[in-house]
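Taken together, the values in this text are just the output of simple stated rules run on the coordinates, not laboratory data. Computed from a predicted structure; not experimentally measured. FYI the Cβ positions are ideal-geometry reconstructions off the backbone, even for glycines, and counts take in every protein chain you see.
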Amino acid sequence: SMPTLGGTFTATVSNVEPTITTAFLLFAFSNTDLAGTPLPIDLTSIGMTGCSALTSGDITFTFAVSGGVGNWSTPVPNMMSYYGAPFFLQVVIIESGANPLGVSVTNGGEAVIGG
């Protein structure tokens with residue numbers, strides 16, 4: 001859904017391995033910098049072949065996945081100071097066999113809070 005002041009924002013992840021029941025959402029304020037390191041960061045060196053960190057991952061949330069689909073929702077404060085604020089999302093999935101580490105990440109998402 002679109003993040004609007006006073007509304008509820010929902011992000012959906014799909015095409016998840018059907019046996020996965022939990023995922024982790026990285027909510028971020030940046031998609032250009034992670035603790036002084038430019039993004040994206042190739043994660044092959046830690047065993048996540050084919051994966052890249054695309055966000056600063058400032059806050060992590062856990063959410064349920066069922067039947068290969070998961071939804072994460074949050075209320076958006078009705079505060080004009082948030083209007084026009086961008087934020088970024090990426091989902092982490094513990095997935096045995098996906099790569100040597102057994103952890104994969106999704107593509108990144110970007111949203112801007114509207115009115």
Residue list for segment 72-115, given a label point 7 angstrom along the Cα-to-Cβ vector of SER66 and an amide N cut-off under 14 Å: 72
Per the Debye formula with a single identical scatterer at each Cα and no solvent contribution, what log10 I(q)/I(0) holds for segment 1-109 at q = 0.20, 0.21, 0.22, 0.24 Å⁻¹? -1.09, -1.17, -1.23, -1.35
Please compute the contact order of the chain in relative form: average sequence separation of alpha-carbon pairs under 8 Å and at least six residues apart, divided by the residue count, as a percent. 36
Specify the inter-centroid distance of segment 1-25 and segment 34-111, based on alpha-carbon positions, in whole Å. 11
For the chain, set up a GNM with springs between Cα atoms under 10 Å and report which of LEU54, LEU34, LEU89 has the largest fluctuation. LEU34
Label-to-label distance, nm, for residues given as GLU110 and ALA85 (7 Å Cα→Cβ offset): 1.8
Full extension between ALA35 and SER52 adds, at 0.36 nm per residue less the Cα distance, a length in nm of 4.6 nm
Test of understanding: extend the Cα→C-beta vector of GLU95 to 7 Å, then name every residue of segment 69-89 with backbone N under 16 Å from that spot. 69-71
